[in-house]
Amino acid sequence: PDPAYEMALIRDDTKKTLLPLLPWSLHPAIERFRELARDFRLLACEQRTPDAAAVWWDVLRAIGGEIVEVTGFATAEKWDPTKPFSFQGRFEKSGLLQFSTLPKSADLLIQFTATGPDSEVRLSGSSMESSLTIARRTASGEWSEEHFPAWDAWPALVPIIEAVCENPTAPSRVSWQDAIHGLELDDALKRSIEKRRAQSLEYREVSEEISTKGTLTLIGCGMIWVILLVFGVSIWIPWVRWAVVPLLGGFLLLLGMKWLARKPAQ
């Protein structure tokens, strides 16, 4: 993506380490939730907010690791963060992801539920800035709770920045690649909603449309070589040059059939 290229240029020109402002993945409640839900099979997330909705990709990646596929659903084939939307996804190593959000809601809610073979862990609260509660259900069916007070996110970045200033080459808990992955996931979610199909985060965009364009390009190049060959032979056999007409007619017919085939999908 363009932001990744621009950030790489800035980093190389300034010879400085770039850090994104992604503090919520450092929340003590998120770290504890990840520890308790280490063997989850499904991570379900629900969000209600009075404002436009945003997906906390850094939090989701901090809990389950890299997200390699998303499939988005919305009320219309157009990305609009002010309207309800949901998506399903798949983590790279293990586990599935379900996320639903209700923007312009009267109440505030954020809830993460990790379900495993014999346990369930739930993190809930009104927002990431407020107090959060983690509830855990074991195989025996008993519930236990842990409470985390309101947390100031910005002081958590101070030791990370100080560590990077002391040793820029050392690995950091957050990096500019984290921000880039968030932008990639946002873009994949928007494209999935607009195209109504799953989007792979490996960015192997060999779709049907690109495949068709490649085939037509090969046919067009072959047609040019055949026409040049026909004109070369016509030096000795003049009437052969009339073969150019059916060749061009067949190629135009192929383009017309392709246009008619894609027109109903637009």
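The values are calculated or read from the model by the stated rules, or taken from the named source; none is laboratory data. The shown structure was predicted, so the numbers you read here are calculated from the model rather than taken from an experiment. Cβ sites come from the backbone with ideal geometry, for glycine too, and all protein chains shown count toward neighbours. Accessible surface is based on the protein model in full, side chains and every heavy atom, while ligands, DNA and RNA are left aside. Shrake-Rupley method; radii C 1.70, N 1.55, O 1.52, S 1.80 Å.
When restricted to residues that are in a strand (DSSP E or B) and under 20 Å from Glu66 (Cβ atoms), the range 90-114 contains 8. In the condition set (1) touching a Pro at 6+ places or on another chain (Cβ under 6 Å); (2) without any contact (Cβ under 8 Å) to a residue 24 or more places away in the chain, Thr17 is compliant with all but (2). Got a sec? Which of Glu31, Glu46 is open to solvent by 50 Å² or more (accessible area, probe 1.4 Å), at pLDDT 90 or above and closer than 21 Å to Leu189 by Cβ? The unique qualifying residue is Glu46. None of Ser94, Ser86, Ser131 is open to solvent by 50 Å² or more (accessible area, probe 1.4 Å) and either without any contact (Cβ under 8 Å) to a residue 12 or more places away in the chain or closer than 23 Å to His181 by Cβ (or both) except Ser94. Picking from residues in the range 115-128 that are of a type in the set (Ser, Thr, Tyr) and part of a strand (DSSP E or B), the one that is surrounded by the most Cβ atoms within 10 Å (Cβ to Cβ) is Thr115. Checking the structure you have, find out if any residue of the range 3-19 is outside any helix (DSSP H, G or I), closer than 30 Å to Ser131 by Cβ and either at pLDDT below 90 or not polar (S, T, N, Q) (or both). Yes.
With the condition kept exactly as written, say whether any residue in the range 138-156 is open to solvent by less than 80 Å² (accessible area, probe 1.4 Å) and either within 13 Å of Glu46 (Cβ to Cβ) or in contact with a Gly (Cβ under 8 Å, 6 or more places away or on another chain) (or both). Scanning the range 138-156, I find no residue that is open to solvent by less than 80 Å² (accessible area, probe 1.4 Å) and either within 13 Å of Glu46 (Cβ to Cβ) or in contact with a Gly (Cβ under 8 Å, 6 or more places away or on another chain) (or both), so the answer is no.
Applying the set (1) assigned to a helix (DSSP H, G or I); (2) at pLDDT 75 or above; (3) over 30 Å from Gly72 (Cα atoms) to Ile235 leaves exactly one unmet item: (1). Filtering the range 166-181 to residues that are more than 26 Å from the chain's Cα centre (by Cα), open to solvent by 70 Å² or more (accessible area, probe 1.4 Å) and modelled with pLDDT under 80 leaves Pro168, Thr169.
Restricting attention to the range 59-78 and to residues that are within 21 Å of His181 (Cβ to Cβ) and in contact with an Asp or Glu (Cβ under 6 Å, 6 or more places away or on another chain), the residue that is surrounded by the fewest Cβ atoms within 10 Å (Cβ to Cβ) turns out to be Glu66.
In the range 45-77, what residues are outside any strand (DSSP E or B), acidic (Asp, Glu) and touching a Ser or Thr at 6+ places or on another chain (Cβ under 7 Å)? Within the range 45-77, just Asp58 meets the criteria. Yes or no: the range 196-219 includes at least one residue that is modelled with pLDDT of 80 or more and part of a helix (DSSP H, G or I). Within the range 196-219, not a single residue is modelled with pLDDT of 80 or more and part of a helix (DSSP H, G or I). Looking only at residues that are surrounded by fewer than 13 Cβ atoms within 10 Å (Cβ to Cβ) and either touching a strand residue (DSSP E or B) at 6+ places or on another chain (Cβ under 8 Å) or not acidic (Asp, Glu) (or both) in the range 4-27, which one is nearest to Val174 (Cα to Cα)? Filtering first and then ranking leaves Leu21.
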